[in-house]
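The values are calculated or read from the model by the stated rules, or taken from the named source; none is laboratory data. Every value quoted in this text rests on a predicted model; they were computed, and no experiment measured them. Quick reminder, even Gly has a Cβ in these numbers, built from the backbone with ideal geometry, and neighbours come from all protein chains shown. These area figures cover heavy atoms from the full protein model, side chains too; ligands, DNA and RNA do not enter into them. Shrake-Rupley method; radii C 1.70, N 1.55, O 1.52, S 1.80 Å.
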Amino acid sequence: QVQLVESGGGLVQPGGSLRLSCVASGRTFYAMGWFRQAPGKEREFVAGIRWSGGSTNYADSVKGRFTISRDNAKNMVYLQMNTLKPEDTAIYYCAARATWSPSLQRDYDYWGQGTQVTVSS
């Protein structure tokens, strides 16, 4: 049974930092990603990483501020979020993909339950 469990969300002031973690279990994956959904908006891609090789891709809105990384030995993926803005407020979801796809921005098969990130003063 595949499980993705996120942690690390919370309340942070604008300009602050948070690190999200996701532990994956149940099978091996080709890629992992982070998505987010703000109130009243559709879920959107944030960042993705290939499990082998570690190539990454980011949404334009987070480039230079967020960094995705993985720890193969621990089956974990992280999202380091710096210089947070109020518009980063959303539920953040960890996602995993079991097969190859040319894009890291779509075609995910498994999803975590989400963790709330609120950026506010």
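Some observations on this one:
- Computed from the C-beta positions of THR99 and LEU11, the FRET efficiency with R₀ = 25 Å rounds to 0.10.
- Estimated inter-spin distance, GLN1 and GLN116, nm [label 7 Å along Cα→Cβ]: 2.6
- With R₀ fixed at 25 Å, the C-beta to C-beta distance from GLU42 to ALA73 puts the FRET efficiency at about 0.10.
- Using a probe of 1.4 Å, the accessible surface attributed to MET81 totals some 0 Å² when neighbouring protein chains are kept in position.
- Placing dummy labels 7 Å off each Cα toward the beta-carbon, the span from LYS85 to ASP60 is 1.2 nm.
- What the pair-distance distribution of the chain shows, using all Cα-Cα distances binned every 10 Å from zero, is 14, 50, 30, 5, 0 percent.
- Distance from region 66-121 to region 1-49 (C-alpha centre basis), Å: 3
- For region 75-114: accessible area per residue (Å², 1.4 Å): 46
- If you sort SER101, SER121, SER55 by accessible surface, 1.4 Å probe, largest first, the order is SER121, SER55, SER101.
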